Amino acid sequence: MRAMPTILVLTAATAITRASPAIDARNVTFSGAVVVTTIDTGRLKGEPTQLGWSDDSSQWYLLTQERAADGGLTKPRYFVMSASAPQPAAVGSQPDWAAAYFKWKSGKTGPGVTAPEIEADTSETTKTATESAMGGSTYGGGGVDAVSGTSIEGAARRSEQELKQRVITLTLSGQTIGRFVNQPLLPGYTFGWSPQSLGLLAYVNDAGHLAVMDMRGGHKELPTSRDVILPAWSPDGSTIAYLQKAGKKKWELYTVPVSTEGRQ
């Protein structure tokens, strides 16, 4: 039976208690980002789909899953890490603290509030197929381009082919915070709410950088980051953890201290 621990729809966060403070994301300061460890998914199997913190911020939780032929996720594997033991250690199931963390980290709204909400829009686009054959191969009996070695007639036909793409776009306060092309929506994969005390969102912007955003749409990015996934705030709001691509099957776990100044 296929195990599917990943939530495939955005759900509301905790019940409303009080409004989040009006922190201006433009006043957020990132300190030096630090590499905690390198994660080899070739060894662990699967791809990272969840990252979280323990309540006391002493451990991180990592979930990896394998991609099925239909794009769904299967074969979950659970790991924990710490600063003193940074290499992922396998555990039998998702820790209770990780499940509780993921619930508020990946909700439709931030902890303790009912607005603004993350909106998910599904659309279909088309992409023109322009693949080229190398090495002088010919297609359909047409002439061969002396420069590229591609059948001119075949290339013309292929350029007319259109590939349909299903795109799910996540937005918050007018900002794009996630985009999934021909893949299922994974809440928390491209964003993570801060604790209620801050009222901010960490997310991956269109350039692949880690960024933070306030509820009015103000934002600030960490320009030294790249190819980021799974941004996750520590429960005390002092640090953001994230994974950054480091190779074909390798990711680096980073932490970056953050501080906030000023109010809107």
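Coordinate-derived values only; no laboratory data. Note that the coordinates shown come from a computational prediction; the quantities given were computed from them, not determined experimentally. In this analysis, Cβ positions are derived from the backbone assuming ideal geometry, glycine residues included, and neighbour counts consider all displayed protein chains.
Model label points for A89 and K245, set 7 angstrom from Cα along the Cα-to-Cβ axis, are 3.2 nm apart.
For the ranges 97-104, 164-171, what's the packing order if you count other beta-carbon atoms within 10 Å of each residue, average per peptide, and put the highest first?
97-104, 164-171
Just tell me which lysines come within less than 22 Å, Cα to Cα, of K103; anything on the same chain fewer than 8 places away is out. By straight Cα distance, K103 reaches K75. For T29 and A69, a Förster radius of 45 Å and the Cβ-Cβ distance give a FRET efficiency of 0.50, rounded to the nearest 0.05. Here segment 52-67 and segment 195-264 have alpha carbon centers that stand 16 Å from each other.
Annotation: extensible slack from S57 through D96 equals 12.6 nm (criterion: 0.36 nm per residue apart, minus Cα-Cα distance). Spacing of the modelled spin labels on A115 and K127, each 7 Å from Cα toward Cβ, amounts to 3.7 nm.
The lysines within cross-link reach of K245, meaning a Cα-to-Cα straight distance under 16 Å and a gap of 8 or more places when in the same chain, are K45. With a cut-off of 20 Å, note down the residues of segment 233-260 whose backbone N falls inside the zone around a label point 7 Å from the Cα of D40 toward its beta carbon. Inside the label zone: 243-254.
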